[in-house]
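Enquirer: Here it is, the structure in full.
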Amino acid sequence: MKKIAVGLVAVFGLVFLQPVHAEEKPTVVIIDTAIDSTRAEFKNKIVYEACFVENGTCANGRSVSEGLGSATLPVSQAYSKGFEHGTIMTLIALSVNPNMNIIFIRVAGTSRSGNMGLFSDVAITNALNWVILNKTKFNIVSVSSSVGNHSLNSGIDYCPIKPKHKTLVDNINKLILLGVPTIFAAGNGRDLSRVDFPACIPNAVAVGGTTEENTISPFFNAGPTVDFYALGYFDNLVTSPKKVIGTSASAVAFSAYWAKNYKGTYKTTYDYLKSIAKASIEVNSGLTTNSFVDILK
């Protein structure tokens, strides 16, 4: 099993938090491609936006932007070339928990030709830096990022953590101390023993996917490093496409469910969700888990 906490005596350096102006509702941060913030479903739900890109530009023509509109793409661009992913994830999150606020952080830039710019864990690290600084200001209780790759090492310690990932790992640990999980999708590679990077990072919360029959999906990654399993099939919750399948959906849905059941600290919430989790099985392989959480309840 993965570690689920870090030592409280660990010294990570000073963290400068904004003055406390906590919102009444809990806030979930979604780190993704881009968003169409003009949708009626998002009215009074998206309280802030930010953008940190490595290639291409944000809405302001630069690589960094903050404030409402920073992560937004025009409707003519928001639903094509992969950019639609962020809007879909946000719709799924609000379908699970409408009683929360959303902060959307965009990590996919727009190239001069209108295509999506490449991004890596560097953009995710920068986004987590922002979350650490603004956790208190916005009452942030969970972070979801449905990204990953399956370029893994062999053997038991397969997670390809390198020295260059130190800040990413440190940020995940800092957020735990602030009560906030960093939730990543396990991936959709049909690997029933290993999850994607960065979900495999020990203190990240890796979320795998189940079918509509609440069995572990054979199409998704799974295994002992998955913290929780949640529904990965959503039908008629979004306008396009009509059906969404994948652990991206599982991760963002679980993040919203975490906010719905937040108990004040990371460990208390994690332990509570474990306590209500149920058994699930991947029928073909016989893989079993006691970590299935019914996020629709």
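The values are calculated or read from the model by the stated rules, or taken from the named source; none is laboratory data. Because the structure is predicted, anything quoted here is derived from the model rather than measured. Cβ sites come from the backbone with ideal geometry, for glycine too, and all protein chains shown count toward neighbours.
A quick yes/no check of all residues on (1) modelled with pLDDT of 95 or more; (2) within 19 Å of the chain's Cα centre (by Cα):
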| position | (1), (2) |
| --- | --- |
| K3 | no, yes |
| V9 | no, no |
| G13 | no, no |
| A34 | yes, yes |
| R62 | yes, no |
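Enquirer: Could you please find all residues in region 97-116 being of a type in the set (D, E, K, R) and buried (at least 22 other Cβ atoms within 10 Å of the Cβ)? Spell out how you get there, then give the answer.
Expert: If we filter region 97-116 for residues that are of a type in the set (D, E, K, R), which is where we start, we get 106, 112.
The answer is R106, and nothing else.
Enquirer: Would you be able to say whether some residue in region 143-163 is free of Cβ contacts under 8 Å to residues at least 24 places away in the same chain and outside any loop (DSSP other than H, G, I, E, B)?
Expert: There is at least one residue in region 143-163 that is free of Cβ contacts under 8 Å to residues at least 24 places away in the same chain and outside any loop (DSSP other than H, G, I, E, B).
Enquirer: Among the residues of region 221-241 satisfying the criterion of being within 22 Å of L192 (Cα to Cα) and part of a strand (DSSP E or B), which is modelled with the lowest pLDDT? If you could, list the steps in order and put the result at the bottom.
Expert: Filtering region 221-241 down to residues within 22 Å of L192 (Cα to Cα) leaves 221-234.
With part of a strand (DSSP E or B) added as a condition, the list becomes 228-231, 233-234.
Numbers: F228: 98, Y229: 98, A230: 98, L231: 96, Y233: 94, F234: 91.
The extreme case among them is F234.
Conditions (1) closer than 30 Å to F42 by Cβ; (2) more than 14 Å from the chain's Cα centre (by Cα), marked per residue:
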site: D196; (1), (2): yes, no
site: A199; (1), (2): yes, no
site: V205; (1), (2): yes, no
site: T210; (1), (2): yes, yes
site: N214; (1), (2): yes, yes
site: T225; (1), (2): no, yes
site: F228; (1), (2): yes, no
site: Y233; (1), (2): yes, yes
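Here is a yes/no grid of residues against (1) part of a helix (DSSP H, G or I); (2) modelled with pLDDT of 95 or more; (3) more than 23 Å from K25 (Cβ to Cβ):
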| site | (1), (2), (3) |
| --- | --- |
| V47 | no, yes, no |
| A59 | no, no, yes |
| L68 | no, yes, no |
| S80 | no, no, yes |
| F104 | no, yes, no |
| T125 | yes, yes, yes |
| W130 | yes, yes, no |
| L133 | yes, yes, no |
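Enquirer: What's the total number of residues in region 96-119 that are in contact (Cβ under 8 Å) with a residue 40 or more places away in the chain and of a type in the set (G, A, S)?
Expert: Of the residues in that region, 4 qualify.
Enquirer: A follow-up question, please. For A93, state whether it is touching a His at 6+ places or on another chain (Cβ under 9 Å), under 27 Å from K242 (Cα atoms), aliphatic (A, V, I, L, M) and in contact (Cβ under 8 Å) with a residue 60 or more places away in the chain.
Expert: On the way: touching a His at 6+ places or on another chain (Cβ under 9 Å): no; under 27 Å from K242 (Cα atoms): yes; aliphatic (A, V, I, L, M): yes; in contact (Cβ under 8 Å) with a residue 60 or more places away in the chain: yes.
Taking the combined requirement at face value, the residue does not satisfy it.
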